[in-house]
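Input: a single structure, listed below in structure tokens.
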Amino acid sequence: MLLAVPVAFAQQKVLNGRVLDTKTALPIEGAVIQFSNAEKAIATDAKGSFSLPIDTVFAGQMLIISHLGYEKFTLKLKPGQANITVSLTPKTNTLSEVRITASKKLKPAKVRPETVLDFGITNDRLFVLGWETGQKNPTLQVLNLYNDSLLMNCRLPVYAEKLYVDCLENLHLLTANHAFQIYLDSVSLALYPPETKATFEQHLFPCLTTDNENAYFRRNINKGIIVSFYTVNRQSHETKLFRMVADEAVLTMQQSEARFQFFRSGQNGADPEMNMNRTAHTLENNIAFAQKVMFEAPYVPLLKIGKEICLFDHVNGEIEFYERDSLRRVLPVNYHLQPNWDKQILIDAPQEKAYVLFRKNGLPELRLLDLQTGELLSTYKLGHPFAEKISVHNGQVYFLYKDPAKNFRQFLYKAPLNALQN
């Protein structure tokens with residue numbers, strides 16, 4: 001027995017290794033490692049590393065390393081080999097499709113004929129929906145958010161248009177009529193069976209954010225003039241009214257306008273001489289004008305920053321901070337009264353920061369909001385007019401821009417905020 005113990009330990013070994021990109025020397029996450037004569041496989045982690053328990057390596061045993069974005073690599077192991085480093089070569093029809101750059105000047109490293117439709121960030125992954133030359137349907141690319149390495153490239157079976165990240169950080173692929181939930185693991189990507197787009201929007205669009213106890217929903221009343229927020233307990237599914245925001249001045253104007261239109265119409269015994277509307281078409285135009293111009297729905301976002309649920313009440317000029325449904329503090333603000341405010345608040349979730357978006361002559365500016373004083377601090381200028389879908393994540397700004405010099409093809413840009421500071 002004493003002689004048999006070391007023999008048993010000698011036969012059970014671990015093969016450690018790393019998988020890198022040949023061109024960039026960056027680690028490749030999600031590479032599949034398996035022996036040619038075995039069904040079981042493992043995948044590399046975010047550092048490109050893996051540990052594979054093995055028995056004694058026999059001469060001629062083949063190890064296969066594969067990844068959707070790279071050429072397959074086969075390695076003949078040597079007896080007793082315990083550590084390896086493998087470099088994979090990107091597939092020529094995959095790496096060239098990456099449309100993201102981190103240059104300070106925010107210009108694409110190389111002009112390509114493809115165009116980006118949309119992008120989404122969730123679970124430390126960057127998803128890019130774009131077109132390839134000569135392809136019928138778009139391609140969905142999955143990139144490592146921190147080193148921009150391409151993890152996966154999938155040619156979609158459907159004609160997709162948009163990406164949507166819901167309040168639970170799930171990613172969805174939207175077509176003209178349907179919505180698919182995207183499921184991603186280390187080696188594959190799958191689309192859950194679709195539901196109609198109308199049903200999807202009805203149930204998921206109102207959900208704004210979640211915490212450990214509740215999901216927070218929004219409901220617009222009276223064409224958005226009154227905004228109500230309610231919570232749904234994630235365990236008991238009990239629903240409660242959380243907060244309601246209404247602009248009393250707008251409601252008063254709306255009521256006055258309704259009475260004014262009633263008397264002007266000369267209905268129900270009103271003086272016909274007061275009817276200045278010669279036709280029903282004129283009355284309809286007046287009402288439409290009043291709804292669009294006089295009664296603008298307030299911008300009142302409910303956002304999560306760290307552990308707090310923050311209600312940006314721009315009607316009353318304050319931010320309310322809640323934790324576990326309890327109001328912790330109220331912060332007065334006045335940035336919403338400044339000219340050129342674009343009515344957008346951007347949250348950098350990993351860094352727990354908030355940015356206020358301004359636009360002057362179409363040029364976007366991000367201003368850091370001090371969540372303790374309500375003051376605006378540093379200013380960051382993008383320099384790209386009419387940039388769309390601006391997002392901030394971990395100190396990096398992402399946005400879409402249609403380049404007029406490139407036939408208005410849309411590109412995805414990325415840059416560190418400190419490179420944009422004014």
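The values are calculated or read from the model by the stated rules, or taken from the named source; none is laboratory data. Worth saying up front: this structure is predicted, and the values here are computed from it rather than measured. Here Cβ is always computed from backbone atoms with ideal geometry, including for glycine, and neighbour counts include all displayed protein chains.
General remarks:
- Answer residue from region 336-352, given it is part of a strand (DSSP E or B) and acidic (Asp, Glu) and is nearest to THR373 (Cα to Cα) among those: ASP348
- When restricted to residues that are among the small types (Gly, Ala, Ser), at pLDDT below 90 and closer than 26 Å to ASN153 by Cα, region 79-96 contains 1.
- All told, LEU3 meets the bar of being at pLDDT below 70 and farther than 26 Å from ASP124 by Cβ.
- From ALA198, ALA160, residue being touching a residue at least 12 places away in the same chain (Cβ under 8 Å) and hydrophobic (A, V, I, L, M, F, W, C): ALA160
- Those strands (runs of 3 or more DSSP E) lying entirely in region 115-233 with at least 2 residues of a type in the set (Val, Ile, Thr) and over 18 Å from the mean Cα position of the chain (by Cα): 226-233
- The set of residues in region 150-185 being in contact with a Ser or Thr (Cβ under 7 Å, 6 or more places away or on another chain) and of a type in the set (Ser, Thr, Tyr) consists of TYR159 alone.
- Inter-residue pairs, beta-carbon under 9 Å, first of a type in the set (S, T, N, Q) and in region 2-24, second modelled with pLDDT under 70, 6+ apart: GLN11/ASP55; GLN11/THR56; GLN12/ASP55; GLN12/THR56
- Counted residues, region 377-422 - those being assigned to a helix (DSSP H, G or I), among the aliphatic types (A, V, I, L, M) and either modelled with pLDDT under 90 or over 19 Å from the mean Cα position of the chain (by Cα) (or both): 2
- Tabulated pairs, region 349-360, first over 12 Å from LYS307 (Cα atoms), second of a type in the set (D, E, K, R) and not in a strand (DSSP E or B), C-beta under 8 angstrom, 6+ apart or interchain: none
- Restricting attention to region 313-335, the residues that are closer than 14 Å to GLU375 by Cβ and β-branched (Val, Ile, Thr) total 2.
- Members of region 307-335 that are assigned to a loop (DSSP other than H, G, I, E, B), among the aliphatic types (A, V, I, L, M) and at pLDDT 95 or above: VAL333
- Taking the numbered list (1) surrounded by 14 or more Cβ atoms within 10 Å (Cβ to Cβ); (2) over 26 Å from LYS240 (Cα atoms) in turn, ILE319 passes all entries but (2).
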